[in-house]
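A.B. asks: Sending over a structure as structure tokens; questions will come in a sec.
Every number here is computed from the coordinates shown, using simple stated rules; none is lab data. For clarity, every value in this text was computed on a predicted model and none was experimentally measured. We place every Cβ from the backbone using ideal geometry, glycine too, and count neighbours over all the protein chains shown.
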Amino acid sequence: MGNVRVCDVPFYLDVTLCCGQVFRWDKVGDWWFGVAGGRAFKVRQKGNKIEYANVDEVFLERYFGLDVDLQRISDNVNKDEHIAKALNQFWGLRLIRQEPWECLISYICATYKSIPAIKHMLNKLAAKFGEPLELEGKKFFTFPKAERLATASEVSLGECGLGYRAKYLLATSKRVCNGFDLEGLKRLPYVDAKKALMDLPGVGAKVADCVLLFSLGKLEAFPVDVWVKRVVLNHYADKLEPELLSRLRTREGLSCGDYERLNGFGRGYFGEFAGYAQEYLYHYERMQL
DNA sequence: CGTGGGCCTGTCTA
DNA sequence: ATAGACAGGCCCA
């Protein structure tokens, strides 16, 4: 029932699962329970040992991104004392390779919501439209397929607490059912894939960047949310143009243009693995509260 | 291209 | 207890 893998690469399971990139994992005791790849499984870490059940090692390694060379990425993005502190404090945090469809819907739901509320919405969606699974007597649900959501009514979607997001979900589900090639975006350059995503209802620059980074393998994507904005204002103000800086300080929120400027700063400054830097800094800033 | 206002509803705080 | 503020933005005028 239980398998053990000696993990010879840096990995920090707890931070990886609670840093806000995925929403459907829960910790019970010292075990994390979640659903991916169409099955429910559990995993925990004891020192350099990864214990897991109901999943195979190949899937696990790929899902948690254990095959990427974290040291090389760290060396690459480690440009200053701030990112260095974040890397050191949360060393082993990895970007999970999420399934694009679930990731897309998750981040459409995430707009203007807190993390607990997002989890609530996604769990209700899965319970209502997903397929039931079981592990050790606990109930789980697969994430509903696009076809299932596309044929649901806006009212029944709304019952999951989606609010105004219900119509975006419905419209985007229909687009995906009608041939929008989500997987195919992996083969496009970052800029083109982002443009294609932003054509979907409910998907702006921020949501697009999250989907690109967390599920489409675009490690240069640098999502800018309120926390990343705080990181930049608190630690990288001197890297920005004065007028941009004063706009960011006076106005709340972010105009489209200023989003792209901060996003461009991140990609330019941190380079091809900017997304890893983003996630470490994001988590770092959140832990300062 | 930039700006402002509205928005569903679950959580958290006073 | 119950109201009010706020939340990992997006869309439209």
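A.B. asks: Give me the net charge of A:LEU133's neighbourhood, meaning all other residues with Cβ under 10 Å from the Cβ of A:LEU133; Lys, Arg count +1, Asp, Glu -1.
C.D. replies: Net local charge, A:LEU133 excluded: +1.
A.B. asks: Can you give the net charge of the other residues whose Cβ lies under 10 Å from the Cβ of A:ARG261, counting K and R as +1 and D and E as -1?
C.D. replies: -2
A.B. asks: Next up: Return the FRET efficiency for the residue pair A:ASN78, A:VAL155: r is the Cβ-Cβ distance, R0 is 41 Å, and the value is rounded to the nearest 0.05.
C.D. replies: Once the sixth-power term is evaluated, E becomes 0.25.
A.B. asks: Now a separate question. May I ask you to list the lysines whose Cα is less than 27 Å away from that of A:LYS239, ignoring any residue fewer than eight positions away on the same chain?
C.D. replies: Cα-Cα hits under 27 Å: A:LYS79, A:LYS85, A:LYS194, A:LYS195, A:LYS206, A:LYS218, A:LYS229.
A.B. asks: Using a Förster distance of 25 Å, how high is the FRET efficiency between A:ALA117 and A:MET287, based on the Cβ-Cβ distance and rounded to 0.05?
C.D. replies: Approximately 0.80, to the nearest 0.05.
A.B. asks: Now for a different question. Using the Karplus equation 6.51 cos²θ - 1.76 cosθ + 1.60 (θ = phi - 60°), what ³J(HN,Hα) coupling, rounded to whole Hz, does each residue of the range A:114-129 give in order, writing x for Gly and Pro?
C.D. replies: 8, 4, x, 5, 5, 4, 4, 4, 5, 5, 5, 4, 5, 5, 8, 10
A.B. asks: Using just the helices of chain A, give the 222 nm mean residue ellipticity in deg cm²/dmol: DSSP H runs with n ≥ 4 each add -39,500 (n - 2.57), and the total is spread over all residues, rounded to 500.
C.D. replies: Result for chain A, helices only: -14500 deg cm²/dmol.
A.B. asks: Sticking with this one: For A:TRP91 and A:TYR164 in the same chain, what is the full-extension length gain: residue separation times 0.36 nm, less their Cα-Cα distance, in nm?
C.D. replies: 22.5 nm
A.B. asks: Here's something else I'd like to know. Using r as the Cβ-Cβ distance of A:LYS27 and A:GLU241, and R0 as 41 Å, what FRET efficiency do you calculate, to the nearest 0.05?
C.D. replies: E between A:LYS27 and A:GLU241, to the nearest 0.05, is 0.45.
A.B. asks: Please report how far the C-alpha centroid of the range A:6-20 lies from that of the range A:268-287, rounded to the nearest whole angstrom.
C.D. replies: 16 Å
A.B. asks: Shifting gears a bit: How would the range A:100-215 be classified by its alpha-carbon gyration tensor: rounded, prolate or oblate, with rounded meaning a/c under 1.5 and the a/b versus b/c comparison settling the rest?
C.D. replies: Prolate, since a/c reaches 1.5 and a/b exceeds b/c.
A.B. asks: Let me ask something else. Using DSSP to call loops (not H, G, I, E or B), can you name the chymotrypsin sites (Phe, Trp or Tyr not before Pro) in the range A:20-116 whose Cβ has at most 12 other Cβ atoms within 10 angstrom?
C.D. replies: Passing both the DSSP loop test and the Cβ count: A:TYR112.
A.B. asks: Which of A:LEU248, A:LEU95, A:LEU200 ends up with the largest GNM mean-square fluctuation for chain A, with Cα atoms connected below 10 Å?
C.D. replies: A:LEU248
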